[in-house]
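See structure below.
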Amino acid sequence: MEQQVPGTNILRSLQMVPGVNYSSTDALGIDTWGANLYVRGFFMDQLGVTLDGIPLNDQSYSNLNGVNVADAAIPDDIARESVSQGAGAVQLPSNTNLGGTLQFWTRDPTDKMGGKITQGFGSYKMEHSYFRFDSGILNPSGTKFFVAYDRNYEEKYSSPSPDFQQGVDAKLIQPLGQRGTMTAFFNWSNAQAWNYPDLSLDILQNVGWRTRAFYPNYAGAYAAAQWNWICDTGSSPAASCTGGAGTINPTTGQPFALRGPNQVPNGWQNTAEGAGVAYYDGGQQSIDYVGGLNFDITLNERLRWLSTLYGHSDTQYTTYGDPFMGSTTGAPLSEQVWQPRQERYGFTTALDYTLARHHINAGFWYENNNQAEAQYWYNEPVLGQGLPLETIGPYDTYGPAFAQAYGFQWSTNTFQAHVMDTWRLMPTLTLEYGFKSLLQTTSGGAYYGNADVYGTADLPNGSMTSANGFLPHVNLDWHPRPQHDLYVDIAENMRPFTVAPTGGATSPWAVTGQSIFKGLQHSLSPERDWTFLLGYRYTSPYLIVATDGYYTYISHRLLSASVGSLNNPLTSVVDTRVATMYGADISATLTPVRGLTIYNSFSYNHFTWGAHTLIQDGNGNYDDIYGNVMDGYPKFMYKAMASYTFHGFTAHIDANYLSKRYFSILNDTWIPSYWLVNGGVRYQFGNFRFFKNVTADFNIYNLNNTKYVAMMGENGFPVTGDYQSFERGSVRELFGTISTEF
């Protein structure tokens with residue numbers, strides 16, 4: 001955590017953990033559309049995640065079931081993090097966990113009044129500002145709090161469009177006499193990001209790595225939209241053409257207001273995407289509020305009560321400057337806007353009881369989530385008759401939305417109960433065993449569907465229930481000798497059905513008709529995974545070695561295949577019935593001399609579809625996925641890091657290697673392997689008068705300036721061949737930071 005640039009998405013700090021793959025299009029990880037995280041083959045929407053005990057659930061972009069940790073707490077305020085060694089304990093509240101858990105804890109206010117100021121600068125006009133004030137202990141009861149603010153700004157390496165994020169954290173601790181503590185936490189976050197264009201293998205070959213959106217060149221986007229309507233005949237069109245007078249706008253039935261040339265940048269005409277290679281703009285704005293109250297009360301010397309009350313509100317706007325839908329103003333393009341929203345409220349409560357060599361924990365979690373999403377088109381102006389809309393809004397400058405694709409609304413209730421016992425069989429042998437019961441019901445769906453878009457107005461609406469009364473977990477930890485640790489972890493998990501609108505993520509409600517949905521209501525089962533893990537750890541002052549092997553049996557994983565365009569995606573949802581995954585991790589940390597640390601790790605993962613399952617591709621053919629390897633995740637990963645500290649000076653360098661990643665479900669296309677190297681130095685100057693622990697950092701991201709693909713599958717993975725659904729990773733960037741406490 002200390003080695004990454006202040007203000008960076010905290011998920012990036014996990015990238016050196018064996019079996020973890022984190023990558024992003026921007027070095028700070030602000031643009032969550034272009035960021036992904038895998039842990040031992042499980043994607044970021046298949047992990048259980050908490051912050052100070054608050055369930056964050058799904059970490060993926062623009063989801064309707066949680067919040068990315070980067071939007072729930074200021075990274076500088078996170079004090080520690082933990083990755084489960086197995087599939088996760090039963091007491092962690094989550095309706096997304098299949099293969100592991102991530103836990104984050106914010107720092108506590110200090111006992112003495114003070115604070116911290118951090119200011120950073122970097123490539124592409126990057127700025128990071130952070131301020132924190134600690135009240136210190138205010139009264140005899142021990143009340144104390146902190147409040148913090150941060151601001152991040154960076155522009156694209158390919159265009160001046162920015163990423164901007166700001167947030168406020170506040171935390172208060174109030175002792176309740178001698179036996180308890182109440183902790184209150186609040187976060188407000190506002191993230192505004194212009195996305196990098198989605199790429200395909202076709203685009204890389206014909207246009208290149210530096211493909212960029214038009215913003216702020218509205219004339220160029222206008223010309224490309226006119227080219228789409230006038231020149232793109234589907235038979236090897238030229239990059240420009242003349243004519244087109246009287247071309248009819250399907251939105252109004254009137255001629256387009258043509259202005260200037262009809263053209264796209266050279267090379268675009270040779271791609272399958274045409275004018276959709278990149279848009280005028282695309283991005284998102286999200287506004288999140290997260291709050292919670294934690295109670296930790298000792299009822300007697302054996303019994304302890306722990307409870308958390310929490311709430312989360314999320315409002316998002318995600319957009320494309322759409323060249324395939326004309327505006328009612330006569331402009332040949334419009335702004336396509338998705339509007340997801342969710343409000344989650346819930347609580348967890350548990351009792352801890354100690355009896356002899358047993359530590360028993362029993363508890364309950366409840367959450368209600370009201371979710372909604374709608375998708376609209378808003379007018380863009382005729383060229384020269386006003387400023388174009390921006391991806392972060394406002395969108396109604398030229399009138400209200402002139403068309404709507406769909407409107408969805410759901411209500412989801414989640415119930416989870418657990419019982420577990422940690423039994424110390426011997427001083428060197430501990431057995432943890434228990435189970436959880438999970439029930440989730442979701443009702444709702446489409447209240448509006450546009451037949452002109454989907455061919456039917458009868459989009460999915462109805463209820464789905466996921467339930468399992470016995471999901472066991474067993475963990476055995478044995479220390480046969482000092483410095484040696486053997487552990488076994490066995491767990492079964494279930495992930496309830498998720499919600500998404502038509503054409504969205506892998507969800508029963510994402511299909512394009514009510515009749516299909518009704519069939520899925522009776523045929524689909526929620527995904528369940530059994531994970532078996534065996535590990536060994538050796539710890540000494542000079543050497544730490546850890547290794548594990550794991551096997552996962554996967555039942556009923558849903559698979560979606562993406563066809564159509566980015567503006568009108570079509571998703572099929574298939575129950576794959578059976579899949580298997582096995583792998584191993586090994587790491588070694590060597591400290592040969594004081595101040596020098598050398599770390600190496602190697603990870604292997606092999607995932608295959610284990611049943612003969614047919615899935616339809618974009619050509620109407622049905623293909624069998626049996627025996628194919630999971631896309632998006634590498635088979636091999638190697639990580640290396642060296643750091644040296646001498647007095648106040650620290651230097652570090654780290655390297656990541658990823659083997660090739662399959663892109664298509666049938667494994668006939670893939671993304672090549674790559675090396676990524678980062679480095680940095682830090683110097684701690686000490687104290688100067690009122691300033692304490694003055695520190696300066698200098699970091700370089702992507703030291704070798706590797707051209708590589710970061711996010712894959714943000715629009716889904718193709719069944720076969722190519723699709724516009726991956727993004728380039730960040731280029732070389734330099735960052736400098738100075739911080740001080742007071």
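The values are calculated or read from the model by the stated rules, or taken from the named source; none is laboratory data. Here the structure is a predicted model, which is why all the values come from computation and not from measurement. A quick note on method: Cβ atoms are made from the backbone with ideal geometry, for glycine too, and the neighbour counts reach across all protein chains shown.
Observations on the model:
- Candidates Gly363, Gly326, Gly346 - the one that is under 30 Å from Asn217 (Cβ atoms), out of contact with any helix residue (DSSP H, G or I) (no Cβ under 6 Å at 6 or more places or on another chain) and either surrounded by fewer than 16 Cβ atoms within 10 Å (Cβ to Cβ) or among the small types (Gly, Ala, Ser) (or both): Gly326
- A residue that is out of contact with any strand residue (DSSP E or B) (no Cβ under 6 Å at 6 or more places or on another chain) and over 30 Å from Tyr454 (Cβ atoms) occurs nowhere in the stretch 612-622.
- Considering only residues in the stretch 221-248 that are in a loop (DSSP other than H, G, I, E, B) and either at pLDDT 95 or above or of a type in the set (A, V, I, L, M) (or both), the one that is surrounded by the fewest Cβ atoms within 10 Å (Cβ to Cβ) turns out to be Ala245.
- The stretch 387-419: number of residues that are surrounded by fewer than 21 Cβ atoms within 10 Å (Cβ to Cβ), of a type in the set (A, V, I, L, M, F, W, C) and part of a strand (DSSP E or B): 4
- Close pairs from the stretch 285-296: first in contact (Cβ under 8 Å) with a residue 12 or more places away in the chain, partner of a type in the set (Lys, Arg), Cβ under 9 Å, at least 6 apart: Asp296/Arg304
- Residue in the stretch 200-216 that is among the charged types (D, E, K, R), surrounded by fewer than 22 Cβ atoms within 10 Å (Cβ to Cβ), without any contact (Cβ under 8 Å) to a residue 60 or more places away in the chain and part of a loop (DSSP other than H, G, I, E, B) present: yes
- Test result for Phe470, in a strand (DSSP E or B), touching a strand residue (DSSP E or B) at 6+ places or on another chain (Cβ under 7 Å) and surrounded by 15 or more Cβ atoms within 10 Å (Cβ to Cβ): no
- Unique residue being surrounded by 22 or more Cβ atoms within 10 Å (Cβ to Cβ) and in contact (Cβ under 8 Å) with a residue 40 or more places away in the chain when the list is Gln91, Gln59: Gln59
- Residue within the stretch 345-356 that is of a type outside the set (Asp, Glu), in contact with a Gly (Cβ under 8 Å, 6 or more places away or on another chain), without any contact (Cβ under 8 Å) to a residue 40 or more places away in the chain and assigned to a strand (DSSP E or B) present: yes
- Within the stretch 92-125, considering residues that are among the small types (Gly, Ala, Ser) and either modelled with pLDDT under 95 or not in a strand (DSSP E or B) (or both), the one nearest to Thr737 (Cα to Cα): Ser123
- Qualifying residues in the stretch 472-494 (those that are aliphatic (A, V, I, L, M) and touching an Asp or Glu at 6+ places or on another chain (Cβ under 9 Å)) - the one nearest to Ala87 (Cα to Cα): Ala491
- Pairs are defined by a Cβ separation below 7 Å, a sequence spacing of at least 6 or placement on different chains, a first member in the stretch 652-670 that is touching a residue at least 12 places away in the same chain (Cβ under 8 Å) and closer than 17 Å to Leu559 by Cβ, and a second member that is aliphatic (A, V, I, L, M) and in a loop (DSSP other than H, G, I, E, B); the pairs so defined are Ser664/Val719; Ile665/Ile625; Ile665/Val719; Leu666/Ile625; Leu666/Val719.
- Residue selected from the stretch 454-467 under the condition of a type in the set (A, V, I, L, M) and over 17 Å from Leu439 (Cα atoms), by the criterion surrounded by the most Cβ atoms within 10 Å (Cβ to Cβ): Leu459
So that you can scan it fast, the table gives a plain yes or no per residue for (1) modelled with pLDDT of 95 or more; (2) farther than 30 Å from Ser84 by Cβ:
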site: Ser587; (1), (2): yes, no
site: Thr591; (1), (2): yes, no
site: Phe602; (1), (2): yes, no
site: Tyr622; (1), (2): no, yes
site: Lys639; (1), (2): yes, no
site: Asn678; (1), (2): yes, no
site: Ile700; (1), (2): yes, yes
